[in-house]
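The next block holds one structure in the form of structure tokens; read it before the comments.
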Amino acid sequence: MKRFLLAILLTAAGTHCLKADNDADTLSVSIREITVTGIKQSPGEAWTSPSSTWIGYHDLNREGINSVKTASSMVPNLFVPDYGSRMTSTIYVRGIGARMDQPAVGLTIDNMPVMCKENYDLDLMDIEHIEVLRGPQSAMFGRNTMGGVINIYTLSPFSWQGTRALFEGASHGSWRAGLSHYKRWGNKIGLAGSITTNGTSGEFTNAYNNRKCDWERQGNARVKLHWEATDDTRIINTLSGSISRQGGYPYERVETGLISYNDTCFYRRTAVSDALQVHTRLGSCGLDAFASYQYLDDNMTLDQDFTPLPYFTLTQARTEHAATLDAILNGNTLNNYSWKGGVSSFYRHISMDAPVTFLDTGIAELIEKHRNEAAPSYPVKWDERQFVLGSHFTSPTWGVALYHSSEYKWKRFDFRLNLRLDYEHAALNYRSTTHTGYNIMHNGSIYAHEPIDIDDTGQLHKHYIQLLPSFTITYNCGERNNVRATVSRGSKAGGYNTQMFSDVLQQRLMGMMGIGPSYDVNSVVGYKPESAWNYEVGTHIEKDKVNIDINAFYTRCRDLQLTVFPDGTTTGRLMTNAGSSRNMGIEAALAWHPRKETGLNISYGYTHARFIEYSDGKNDYKNHTIPYAPAHTLYAGAYNRWAVRGCGDWITGVTLSANVKCAGRIFWNEANTLSQPFYALLGTEVTIEGRHHTLELWARNLTGTSYKTFYFVSMNREFLQRGRGRSLGATLKMRF
């Protein structure tokens, strides 16, 4: 009944609202107090579309979900592996994803698009609900939503008032604490503030120094101001900041099964953002305007060879400023016709220093050895046992887009056409430098000295124009039952391989010594946009407290962007356009709630993703499975609550829940010679509820299943990262 009333509200106003009862901490509908969500979707689309998943407030709390990564297992064909650090925020949907540079899946938080993929992995307190829209969303949401978009909405002071506190302790020295307060003054102004902090001592040990390498400390703060300026105007501003410090990168050598490296690895991130929303009316039309500013300052420092020997280290220190502006005009429904149109724009400016420091073993094995094998009578000896290949970049990128959506209802049919015209301009200014030298020896004496002074500068720029349509036909079989078919085109932006500049410089240096091939900057640095046509059909059914979604899709990707590792002794990663692929599969989700206290949720996704055309010049990978994305994802969770009487306010109920999260098979390379088999992670939780508190006792990966989350090759050596093992914890939540 609640969902039906909420759907009516969405249809009438294009918005929805959740209000919490302070005593029971449950959610109920309120007509006056509303939180604006789903601006770019049709009313109720997140609930009734077979290709979307809505994760509500109670499921979020029961599953302990506070980020994209922890929510991913509940969504069919959505996979977010946990590896590296918070910088490696890789998301795969239906076999589409990206490990570096531009994401394939968009992320918005309270309607603010998160511009930088490296800022996707952050924890949030008091999430109200999460919407996941699978398949290309480019026509309405723009760049880098070819695989879909994830919309996160946090609680509003007009939805809940009071104070919340959270304390958590878990295995491996993990802990989390948070405090939030929601205050409303009359019907005009509300203010919400939250602060959270968490950390871990780490789970994985570096055998070289016997220290945990995946330790972490993190803090977040958010302030949200909600102002009902007039009956027709609503203004919301959210200021947030986060600080993250961690070790990360527990990569083990495949040959030895050990994590063992000698140089420091860490990731540091500081992020600040401010998002402004204005919702008002202009005559008979509604106007929704969004503006944001985002700042990111991060530093990734790696022992890039991940061995106990001093080969080389990499630092990637970046500062980014980004601004977005989006304005949407919504027309009134007239004769079963409604429309919306908008203009959006963005600007990003990235400044990055990415020096690679060659150390003693790296100089000896990667440079001196190759040179001396070519001319043994005149061996060389480097001046110093370390030198720097310096790289500095500035990358201004901007874009502007016009988009329109028309929807017409005829009898039981809904027809919707979305169209977007998108222009993007990307530039790269680079400077590559090194100042070093070596002696040429003969008969044990110095024959000659050769200085090396390289200072290369250059400018590159690209621009793209994309026409991105989508068309949907929906046949409504009842109040919330439908059959839907969609054709859509999506696109992922092109860009530049900044990590390859050190390899370009290294090869040029070796070329000056008369050995090794050289890279052409234009051929290895730039890559084109990836595009896809997507076709899908599905049904959404609600009957007798059962919700069922079934969806089938076929996606054809062109100019497929793949992360590859160059041949030889180089260490950079290269994004390349790799022909085309065919992705097809099915998605199914079932939710059964026979009564308020009992529920069962099952979601399953299958993706058959293959190369149609891809050759790296040595091997033809036609019909091979695309690596890193799982063929199957499966989630099953059940819970039951028992009311407790006679214990006063201390214990009012007990809930027992259990779930299993599965994924696999995952191929690790284009040759499909290495893979992670299908695996299952079992979780359980006992929740003891009181009037003003809940105590959650939980276990994750209860059986200690062994699995791998990542694979890569560096310097012809293979590395893997293990998945996290068994974890036990307790979470105390309090409400005042």
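The values are calculated or read from the model by the stated rules, or taken from the named source; none is laboratory data. These numbers come from a predicted model, not from an experiment. Cβ coordinates were reconstructed from backbone atoms using ideal geometry, including for glycine residues, and neighbour counts include every protein chain displayed.
For segment 344-357, the tally of residues that are in a strand (DSSP E or B) and touching a residue at least 60 places away in the same chain (Cβ under 8 Å) stands at 5. With respect to (1) surrounded by 21 or more Cβ atoms within 10 Å (Cβ to Cβ); (2) farther than 23 Å from A170 by Cα; (3) modelled with pLDDT of 95 or more, the lone exception for N206 is condition (2).
Considering L287, L314, the condition of being touching a residue at least 60 places away in the same chain (Cβ under 8 Å) and part of a strand (DSSP E or B) is satisfied by L314 alone. In this entry, A638 is excluded by the filter for residues that are within 18 Å of I550 (Cα to Cα) and surrounded by fewer than 19 Cβ atoms within 10 Å (Cβ to Cβ). Annotation: of all residues in segment 483-494 being crowded, with 22+ Cβ neighbours inside 10 Å and outside any loop (DSSP other than H, G, I, E, B), the one that is nearest to the chain's Cα centre (by Cα) is K492. Of all the listed residues (F471, F501), the sole one being part of a strand (DSSP E or B), surrounded by 13 or more Cβ atoms within 10 Å (Cβ to Cβ) and of a type in the set (A, V, I, L, M, F, W, C) is F471.
Among the residues of segment 67-85, those identified as closer than 28 Å to L732 by Cα, in contact with a helix residue (DSSP H, G or I) (Cβ under 8 Å, 6 or more places away or on another chain) and crowded, with 22+ Cβ neighbours inside 10 Å are A71, M74, V80.
Considering segment 417-445, and only residues there that are of a type in the set (A, V, I, L, M) and touching a Ser or Thr at 6+ places or on another chain (Cβ under 9 Å), the residue that is farthest from L460 (Cα to Cα) turns out to be L417.
Put simply, of W215, W175 the only residue that is among the hydrophobic types (A, V, I, L, M, F, W, C), closer than 19 Å to T88 by Cβ and modelled with pLDDT of 95 or more is W215.
Out of all the residues in segment 504-513, which are in a helix (DSSP H, G or I) and either in contact with a strand residue (DSSP E or B) (Cβ under 8 Å, 6 or more places away or on another chain) or without any contact (Cβ under 8 Å) to a residue 12 or more places away in the chain (or both)? Answer for segment 504-513, where residues must be in a helix (DSSP H, G or I) and either in contact with a strand residue (DSSP E or B) (Cβ under 8 Å, 6 or more places away or on another chain) or without any contact (Cβ under 8 Å) to a residue 12 or more places away in the chain (or both): V504, L505, Q506, R508, L509, G511, M512.
Quick grid of which residues meet (1) within 30 Å of E365 (Cα to Cα); (2) not in a strand (DSSP E or B):
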site	(1), (2)
Y554	no, no
L562	yes, no
A591	no, no
S603	no, no
I612	no, no
K622	no, yes
C647	no, yes
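Only one of the listed residues (N262, N237, N330, N299) is more than 30 Å from L122 (Cα to Cα) and either of a type outside the set (K, R) or surrounded by 21 or more Cβ atoms within 10 Å (Cβ to Cβ) (or both). That residue is N330. In this entry, S445 is excluded by the filter for residues that are at pLDDT below 90 and touching an Asp or Glu at 6+ places or on another chain (Cβ under 7 Å).
Yes or no: S432 crowded, with 18+ Cβ neighbours inside 10 Å and modelled with pLDDT under 90? When the stated conditions are applied, S432 passes them.
Only a single criterion out of (1) surrounded by fewer than 21 Cβ atoms within 10 Å (Cβ to Cβ); (2) farther than 25 Å from P136 by Cβ; (3) touching a residue at least 12 places away in the same chain (Cβ under 8 Å); (4) out of contact with any Leu (no Cβ under 8 Å at 6 or more places or on another chain) is not satisfied by K411, namely (3). In contact with a strand residue (DSSP E or B) (Cβ under 7 Å, 6 or more places away or on another chain) and under 24 Å from R489 (Cβ atoms): does that describe G605? Yes.
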